[in-house]
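Q: Have a look at the structure that comes next, please.
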């Protein structure tokens with residue numbers, strides 16, 4: 001993080017303009033670490049505090065400069081909206097748009113547990129009325145997408161699948177463009193929850209055929225190699241991983257594919 005991210009010129013510029021920064025050694029300042037770190041926090045971690053010392057947001061784990069800069073911009077834009085968004089949601093419990101707006105603020109602040117709970121609340125308000133407006137359907141689709149990702153990331157596959165099914169029902173024609181992002185979760189659910197590697201491979205292949213240039217194509221390629229590896233088709237797995245590494249050398253899954261191919265060669 002020090003060499004690749006915190007020292008990036010754009011990160012340094014934006015941080016210098018908007019924030020007061022300090023680097024803390026968690027081993028030497030254990031009490032300070034425990035004060036701000038949540039139960040899920042690992043290293044490296046970046047905490048964003050307000051003027052009163054309360055934690056506004058936190059970014060956990062390694063992030064490249066581009067991803068960190070995007071997250072930083074979102075946090076800086078979302079924080080000023082938090083107070084009003086909370087007030088509006090509390091005042092209008094039956095207003096799906098108000099509940100959704102607060103959920104998006106939490107999501108931009110990377111407050112994942114609060115975001116999940118709020119997206120579920122928004123969906124619960126929006127769903128019974130089957131909102132006829134385009135904006136209503138958009139909010140409901142995004143809510144189910146966010147819910148599915150949150151449960152999928154936690155390997156809670158029944159909950160993730162339920163949210164995916166609801167997303168697909170409310171956005172059957174993928175007007176809002178999240179269907180491809182949900183394919184990895186569907187594939188891993190088949191592999192991990194159903195113990196059905198062949199079904200997982202089919203899901204991945206269908207996803208790659210339908211969205212070959214999607215932003216998650218590298219992830220799907222990496223997963224395909226992993227599933228082939230699970231089937232002990234090692235030569236095919238290495239071939240797939242090498243192709244992913246060659247096409248996506250700078251992405252996380254491209255690097256993972258390179259490492260996997262080298263390890264399994």
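Q: Over 25 Å apart: what share of the alpha carbon pairs of region 59-211 falls there, rounded to a whole percent? Before the final figure, lay out the partial values.
A: On the way: 4129 of 11628 pairs.
I get 36 percent for the Cα pairs in region 59-211 exceeding 25 Å.
Q: Can you give me the convex hull volume of the Cα atoms of the chain, divided per residue and expressed in Å³?
A: Details: hull volume 41.3 nm³, N = 265.
Output value, Cα hull per residue: 156 Å³.
Q: Mind checking the alpha-carbon convex hull of region 116-202 and giving the volume per residue in Å³? Don't skip to the end; give the middle numbers.
A: Details: hull volume 7.0 nm³, N = 87.
Given the Cα convex hull of region 116-202, per-residue volume reads 81 Å³.
Q: A follow-up question, please. Specify the inter-centroid distance of region 130-194 and region 232-265, based on alpha-carbon positions, in whole Å.
A: The two parts, judged by their Cα centres, are 28 Å apart.
Q: Taking the C-alpha atoms of region 88-132, how large are the radius of gyration and the largest Cα-Cα span, Dmax, in Å?
A: Looking at region 88-132, its Cα Rg and Dmax stand at 10.1, 30 Å.
Q: Mind jotting down a quarter of the surface of the convex hull over the alpha carbons of region 1-80, in square nanometres, one decimal? Kindly include the intermediate steps, with their values, before the conclusion.
A: Values: hull surface 21.5 nm².
It is 5.4 nm².
Q: Follow-up. For the chain, what is the mean residue ellipticity at 222 nm derived from helices alone (per DSSP H run of n ≥ 4: -39500 (n - 2.57); sum divided by total residues; nearest 500 deg cm²/dmol)? Write out the running numbers ahead of the final one.
A: Details: 12 runs with 175 residues, N = 265.
Helix-only estimate at 222 nm: -21500 deg cm²/dmol.
Q: Further, regarding this structure: Provide the convex hull volume over Cα atoms per residue for region 88-166, in Å³.
A: Numbers: hull volume 6.3 nm³, N = 79.
Here the figure is 79 Å³ per residue.
Q: How much of the pair distance distribution for region 136-265 lies past 27 Å, counting alpha-carbon pairs only, in percent? Intermediate results must be reported in sequence, preceding the final value.
A: Details: 1600 of 8385 pairs.
It works out to 19 percent of all Cα pairs.
Throughout, read-outs are computed from the coordinates displayed, never taken from laboratory work. What you see is a predicted model; the values in this text were computed from it and never measured.
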